[in-house]
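Quick notes on the structure that follows.
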Amino acid sequence: MARTAVPGRLGDRLPWRAATLTERRSETRGASTLVLEVPGWPGHLAGQHVDVRLTAADGYSTQRSYSIASAPGAEQVELTVQRVTDGEVSPYLVDVFCAGDAVELRGPVGGWFVWRPEQTEPVLLVAGGSGLVPLMAMVRARRAVGGRSPFRLIYSVRTPEDRLYQDELRHTDPGLDVEYVYTRTAPEGSRRPPGRLRAEDLVASGWPPDLEPTVYVCGPTGFVECVADQLVGLGHAPGLVRTERFGPSGG
Ligand SMILES: Cc1cc2nc3c(=O)[nH]c(=O)nc-3n(C[C@H](O)[C@H](O)[C@H](O)COP(=O)(O)OP(=O)(O)OC[C@H]3O[C@@H](n4cnc5c(N)ncnc54)[C@H](O)[C@@H]3O)c2cc1C
């Protein structure tokens, strides 16, 4: 299966940059978008992530990885963080981190799980939960350049209230189809009962393998592995299935 190119190793050689939070925007009851001013930011590609380092007054420091949500070229760097219950860092970033607060960023990291505007083939994006974040950067990057390559997004999420970027995705861009798969509660009148994403969903809302789409799958490790297996089982070439796992990333 195609995987992200050793991001941690590459990231280790990048410098830490001071960043300041300019805005914290609530996306859902469990997720916030952090808008960061990063002097000297070198720019990024859609799909890349950063390492975020927090240091307490007593010198204790910890870091986590977060995907970049904003399109390349945007003046500020946006991250969207989903609260992990009992987590050390995400509850702080989602609920406490305030405009004016400082943090350090290292990146951008990753050269494989990226979409570039010069790509013209059909694209299938498959997101589980907060795995939508780097895929949204791809949607935004396509919009920013007026891209024409056809995009389909399948977004698996627990309930309608948990959908990230609801308003933005409601007004979809030309050539972008969005399909939701609800795992716990579906809106009234939904054709599909709630349940985990299945191969039939990928057939119904994805691209046929003979069109040779590039597929980007992102979310919790179990979700990504399951979807990647289903895609290959349906006949998608493993080399065209790019994956990003949102497992624990502390260090
Ligand atoms: C490349 C990469 C990009 C990422 N991008 C994003 C992003 O854009 N948005 C985002 O919200 N998160 C993202 N993550 C996950 C993020 O790095 C943290 O793992 C997450 O925020 C939890 O950190 P924490 O300190 O709150 O939890 P921790 O204190 O590290 O962990 C607490 C408990 O939760 C479990 N846990 C840790 N991480 C997760 C998780 N992701 N899902 C479920 N359980 C978990 C741990 O095993 C532990 O039991 C990304 C991870 C990677 C590797």
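Annotations
- Scan of the range 83-118 for residues that are under 20 Å from Val50 (Cα atoms) and away from the ligand (no atom under 14 Å from the Cβ), ordered by number: Cys98, Ala99, Gly100, Asp101, Ala102, Glu104, Trp115, Arg116
- Counting the residues of the range 61-82 that are more than 8 Å from the ligand (Cβ to nearest atom), small (Gly, Ala, Ser) and part of a strand (DSSP E or B) gives 1.
- Subset of the range 79-94 (residues that are at pLDDT below 95 and touching a Lys or Arg at 6+ places or on another chain (Cβ under 7 Å)): none
- Residue in the range 179-191 that is within 23 Å of Pro117 (Cα to Cα) and at pLDDT 95 or above present: yes
- Considering Arg3, Arg64, the condition of being at pLDDT below 95 and of a type in the set (D, E, K, R) is satisfied by Arg3 alone.
- Candidate set from the range 170-203 (those that are in a helix (DSSP H, G or I) and open to solvent by less than 80 Å² (accessible area, probe 1.4 Å)); member that is nearest to Arg143 (Cα to Cα): Leu202
- Residue match in the range 119-129 (condition: more than 19 Å from the chain's Cα centre (by Cα), within 14 Å of the ligand (Cβ to nearest atom) and farther than 22 Å from Gln230 by Cα): no
- A count restricted to the range 237-251 and to residues that are away from the ligand (no atom under 11 Å from the Cβ) and surrounded by fewer than 23 Cβ atoms within 10 Å (Cβ to Cβ) stands at 5.
- Of the residues screened, Pro220 is one that is within 16 Å of the ligand (Cβ to nearest atom), at pLDDT 95 or above and either closer than 27 Å to Ser65 by Cβ or surrounded by 14 or more Cβ atoms within 10 Å (Cβ to Cβ) (or both).
- Among the residues of the range 134-158, those identified as open to solvent by 30 Å² or more (accessible area, probe 1.4 Å) and part of a loop (DSSP other than H, G, I, E, B) are Val145, Gly146, Arg148, Pro150, Arg158.
- Residue within the range 195-206 that is touching a Pro at 6+ places or on another chain (Cβ under 9 Å) and among the polar types (S, T, N, Q) present: no
- Residue check for Leu164: in a helix (DSSP H, G or I), open to solvent by less than 50 Å² (accessible area, probe 1.4 Å) and closer than 24 Å to Arg142 by Cα: no
- Hits in the range 110-133 (condition: crowded, with 24+ Cβ neighbours inside 10 Å and assigned to a loop (DSSP other than H, G, I, E, B)): Gly110, Phe113
- Remark: pairs (first residue in the range 211-240, of a type in the set (Gly, Ala, Ser); second residue assigned to a helix (DSSP H, G or I); Cβ separation under 6 Å; 6+ apart in sequence or on different chains) = Gly219/Gly129; Gly219/Gly131; Gly235/Pro209.
The values are calculated or read from the model by the stated rules, or taken from the named source; none is laboratory data. Everything numeric in this text was worked out from a predicted model, so none of it was measured. Counting neighbours? That spans all protein chains shown, and the Cβs are built from the backbone with ideal geometry, glycine included. To get the accessible areas, we keep the full protein, side chains included, count just its heavy atoms, and leave off ligands, DNA and RNA. Shrake-Rupley method; radii C 1.70, N 1.55, O 1.52, S 1.80 Å.
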